[in-house]
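Let me begin by presenting the structure, written as structure tokens, before commenting on it.
The values are calculated or read from the model by the stated rules, or taken from the named source; none is laboratory data. This one's a predicted model, so the numbers in the text were calculated from it and none came from an experiment. A quick note on method: Cβ atoms are made from the backbone with ideal geometry, for glycine too, and the neighbour counts reach across all protein chains shown.
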Amino acid sequence: MIYFDNAATGGFKPYSVQEVVPTVIKHLCANPTRSSHRLSAVGGEMVFKTRMLLKEFFNAPSAERVIFTKNCTEALNTVILGLLKKGDHAVISCMEHNSVLRPLNHLKAERGVTFDVITPKKEAFFTQKAPISYKDVRGLIKPDTRLVLINHASNVNGALADVYDIGINLRQEFPNVLFAVDGAQSGGHLPIDVKKFCIDALCLACHKGLGGIMGSGALILSDRCDPAPLTMGGTGSDSFNLHQPDYYPDRLESGTLNLPAIVALYEGLLHTQASFDFSAHQLPKMTEHLISALSQTDGATTYSLPNAVGIVAFSVNTVPSQTVAQILSDEYDIAVRAGFHCAPLMHRALHTHEDGLVRVSLSPQNTFKEISTLLKAVKEIIKSN
Ligand code: ALA
């Protein structure tokens, strides 16, 4: 199969990741840090090494404030549900995923939290590389704004928000407002520096651009961001304390950690670091090629600009997006995603809320030959419908 669904989960896993997961299951089935035996200590050391590597990769303030979660959704929920109190206001963008929209709407009903949504004009997504920037945020800040949460890269079409511009200006002008970034699609593809970008909470899907496996997310916090835990329980520390510890990472990490996924992430991160420049060069080139070819194809409309996260969204004027994806899978053995991608506001902004979009999401390991096969298939689908 030609796998072009890397925005859902990375299809290419480095050899070291493929090797290490069964090794951990075979030889290291011990609960990291909970016991004093050798295997538990080795697991604990691996967890620590991965925390350190994430800290270095994203320039986090400390390894303790690197929290392992089961996915990016859990990291985003921790930020939203753990920070916003009755009467607080938040600013988000139309690029947000349901993992932001649903908890926020829940808080709107439960706690009277309010929020405003930055929605650029449709044209901005076709003319500007980063259609969401600080000037859009600034106009929506109110005296009760507690959080600005922005998706770095849209999972629908790869559009970007200028999180550097937002972070540094927000910190300067509104130092009491916290800044969270959804890095689900950008982590591992675009440079993110937590300290330099003044990010208070970075939420990551470690099974996408970071080379890890599913069941693997992370939350990186600044020194001034202390969300309440979503889950409380055993931390392997301070057992006679009947309350959740308030020190990190224990405050936000209860229960047994996913050691196979954490060790896989260590290997995935090493690979991501080593291949970062290749990816940064390859994905814009590949997306540009695909967008340019689709734009010259009668009957197809593209919704992306060339980007470094590898996403190209398009529609076929005469065939519903889900049908295109089904034909690509059934008849050409090509995997893409179609429909609404759990991001309803982005589809409204792009005026694609009736049928959604076909999304091709590339990895740097995909090839131009695979892209040619896709283009040929799309042309045949258009011709026969
Ligand atoms: N949010 C993931 C995607 O965009 C699953 O496909």
>> Just to be sure I understand, how many residues within segment 259-308 are over 26 Å from A130 (Cβ atoms), in contact with a helix residue (DSSP H, G or I) (Cβ under 6 Å, 6 or more places away or on another chain) and part of a helix (DSSP H, G or I)?
In response: 9
> Would a scan of segment 68-91 turn up a residue that is touching an Asp or Glu at 6+ places or on another chain (Cβ under 9 Å), among the polar types (S, T, N, Q) and part of a helix (DSSP H, G or I)?
Replying inline: no
>> For segment 356-385: of the residues being among the charged types (D, E, K, R) and surrounded by 15 or more Cβ atoms within 10 Å (Cβ to Cβ), which is nearest to P306 (Cα to Cα)?
In response: R359
> What about L269, is it at pLDDT 95 or above, within 25 Å of A153 (Cβ to Cβ) and of a type outside the set (S, T, N, Q)?
Replying inline: yes
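Matching residues to (1) more than 24 Å from L230 (Cβ to Cβ); (2) not in a strand (DSSP E or B):
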residue	(1), (2)
P120	yes, yes
N176	no, yes
F179	no, no
K195	yes, yes
I213	no, yes
> Under 6 Å by Cβ, and 6 or more places apart or on different chains, what pairs join a residue from segment 341-357 that is farther than 19 Å from I92 by Cβ with one that is in a helix (DSSP H, G or I) and more than 12 Å from the ligand (Cβ to nearest atom)?
Replying inline: D355/S321; G356/S321; L357/S321
> Taking into account only those residues within segment 1-40 that are surrounded by fewer than 16 Cβ atoms within 10 Å (Cβ to Cβ) and basic (K, R), which is farthest from the ligand (Cβ to nearest atom)?
Replying inline: R38
> Are any of the residues in segment 137-160 more than 18 Å from I291 (Cα to Cα), of a type in the set (G, A, S) and in contact (Cβ under 8 Å) with a residue 24 or more places away in the chain?
Replying inline: no
> Since H341 meets every condition but one in (1) over 18 Å from N6 (Cα atoms); (2) in a loop (DSSP other than H, G, I, E, B); (3) within 16 Å of the ligand (Cβ to nearest atom), which condition does it not meet?
Replying inline: (1)
